[in-house]
Amino acid sequence: VSTQSTGTRTLPTLSRSISTYPHLKIDIPSSKVYHVQLNRPEKRNAITLEMWYEIGRAFDELSETPDCRAIILSGSGKMFTAGIDLSAFMQVVPKQPDSAHKSLSILSVVKKLQDSFTAVEKCKKPVIAAIHGACIGGGVDLICGADIRLMSSECYIQVKEVDIGIVADVGTIQRLPKIVGNQGLVNEYCLTARKIHSDEAARVGIVSRVLVDQAALMDEAVAMAAAIAAKSPVAVQGTKSNLVFSRDHSVQQGLDRVALWNSAMLLGNDPMAAMSGGDFEDA
């Protein structure tokens, strides 16, 4: 990884062939830390179908990028995202005259949209969502796939779908109850579409930390990601994988899986390197 001077600190720059995404900006704010930024600030980062698919492809790619050990997900401009771009509705509804064929086409598109956001959760590398301004509708689905969520104090989130006549269908309904641990409260959020401000988001566990402003938010996200990136990638990726698995399975199933995992991973070099303060190979 090469470096560039910003006047205040020296930042690594992309030194390998990372794909270019028209609606995303990807950089490296710290060694082994990649930053994926939703990049339609003039449209409040409203998510078009093209942008939706780019998010999935980007996280699939970074999952297999060895020198990426942690990822920050944020939005450029005044807010994280205003949610789905309404122009996407016109692309989702097919032109076939038969209702059954229309339904099959819509089902196919929705499954692809789900897969794109699930790519955040399935990414081997931990993902920290740094949320500022507002995170609305589909943005909530997106951040629910992240491993850690941080928020600036002025920010709010809003499960907005009922206000535009649809059901949240790409992750919020399935993941948010497990994040919050309170089904009734999530029901309220989804059925009323009321705003959830930063103090409440922290109190109920949607976010783990609230920072005073966007600058402090990004500083904290980079510091946290850098701390993760300094650890054994084998241990970090294994911990994420087993956390996600255990969330959706019984305690015994989780114990059985992590036992099998460590029966292989404990034979590697990373435990000794961790205890001796040595370096870790990328993974």
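The values are calculated or read from the model by the stated rules, or taken from the named source; none is laboratory data. As the structure is a prediction and not an experimental result, all values here were calculated from the model. Neighbour counts run over all protein chains shown; Cβ positions are idealised from the backbone, glycine included. Side chains included, ligands, DNA and RNA excluded: accessible areas come from the protein's heavy atoms. Shrake-Rupley method; radii C 1.70, N 1.55, O 1.52, S 1.80 Å.
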Could you check, for segment 53-68, whether at least one of its residues is of a type in the set (F, W, Y), open to solvent by 10 Å² or more (accessible area, probe 1.4 Å) and farther than 18 Å from A223 by Cβ?
-> yes
If you take the residues of segment 215-243 that are hydroxyl-bearing (S, T, Y) and touching a helix residue (DSSP H, G or I) at 6+ places or on another chain (Cβ under 8 Å), which of them is farthest from Q253 (Cα to Cα)?
-> S232
Can you name the residue in segment 97-107 that is surrounded by 12 or more Cβ atoms within 10 Å (Cβ to Cβ) and of a type in the set (S, T, N, Q) and, of all such residues, is farthest from the chain's Cα centre (by Cα)?
-> S103
Hey, A264 hits all of (1) modelled with pLDDT of 95 or more; (2) more than 18 Å from I148 (Cβ to Cβ) but one; which does it fall short on?
-> (1)
What number of residues within segment 118-137 satisfy the criterion of being buried (at least 24 other Cβ atoms within 10 Å of the Cβ) and either at positive phi or part of a helix (DSSP H, G or I) (or both)?
-> 2
For segment 182-201, indicate whether the set of residues that are buried (at least 19 other Cβ atoms within 10 Å of the Cβ) and out of contact with any strand residue (DSSP E or B) (no Cβ under 8 Å at 6 or more places or on another chain) is non-empty.
-> yes
Quick one: is F117 under 17 Å from L38 (Cα atoms), touching a Ser or Thr at 6+ places or on another chain (Cβ under 8 Å) and of a type in the set (F, W, Y)?
-> no
